[in-house]
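Asks: Just dropping this structure here.
Any read-out appearing in this document is the output of simple, stated calculations on the displayed coordinates, not a laboratory observation. All figures in this text were calculated on a predicted structure; none of them were measured in a lab. Note: ideal-geometry Cβ built from the backbone for every residue, glycine included; neighbour counts use all protein chains shown.
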Amino acid sequence: MIPFIPVQGTDTWHVDDPDPRQPYNWWRSGSLLLTELAVHGLQPLNAADPFIWSTDLDGAKFWERWPPFKSRKDKRDWLAGGNALRWYATYYHDRREPLTVISHSHGAQVVHYAAAGGLRIDYWLDIAGPVRSDVLQETAAGLDNIGHWLHVTDGAFDLIQALGDLGDGHLGHVPRPSRVTTLSLSGISHSELLSSPLFIPRAWRERGLIQFLLGAEVAHVV
């Protein structure tokens, strides 16, 4: 079995509703996605004690990025989540095996902070993670700790991902690092790839996502 850590996006830890049939619970054992991944020998690192961060919305108060208000209060959940992910992996993961992470949306910022803090990630599948200028320092600091980074985005337009880019106090486009492989899949919107039978299992098998998690390279697609 190959272990991986699913990292939730914004507002997807519903404390009182753990039903894996709910789309926002894609990261829980028994969900459509995790059931498909299990077919290929991919299992959550510790299904009985999954990684969880607050999933609260961060990064919306752009003025906290500007002097004289410069503060990181609006990113506290990402900071805490990144530390928690690093500690979780350190506690449960056997470093003799590759560490694989699947993140959704702003879960990407949690991964950035974890990598910047020293967590080595061998394969990172980043689904619809917003690109933000206020996390570029952490992104750069963690790049050497990320072996293979595959970013999957909607081939047309993802409104939620675009909105997630806002609030960083930066005007204009923020490019991803050149080391990232980008795969565009039309119709996945922001989260359909994680929960919809329209894409599970077909897109995961046919577009190379399973192969990537198993250690294979995926071609760059625009």
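Asks: Counting Lys +1, Arg +1, Asp -1, Glu -1, what net charge surrounds W204 among other residues with beta carbon under 13 Å of its beta carbon?
Replies: On the way: positive: R202, R205, R207; negative: E36, E192, E206.
So the environment of W204 carries a net charge of 0.
Asks: Set the Förster distance to 25 Å, then compute FRET efficiency between D49 and R76 from the Cβ-Cβ distance, nearest 0.05. Provide the component values of the computation, followed by the final result.
Replies: Details: r = 23 Å, r/R0 = 0.93.
Efficiency, from the Cβ-Cβ distance: 0.60.
Asks: Still on this structure, I have one more. Please compute the length gained on full extension between L143 and A38, using 0.36 nm multiplied by the number of residues separating them and subtracting their Cα-Cα distance. Let's see the in-between values first.
Replies: Working: separation 105, 0.36 × 105 = 37.80 nm, distance 2.85 nm.
That pair, L143 and A38, stretches by 34.9 nm at full extension.
Asks: What residues qualify as long-range amide H neighbours of W149, i.e. H under 5 Å apart, gap of 5 or more or another chain, H built at 1.01 Å from N?
Replies: W124, T181
Asks: Calculate the spin-label point distance for D11 paired with D94, positioning each point 7 Å from the Cα along the beta-carbon direction, and give it in nanometres.
Replies: 4.0 nm
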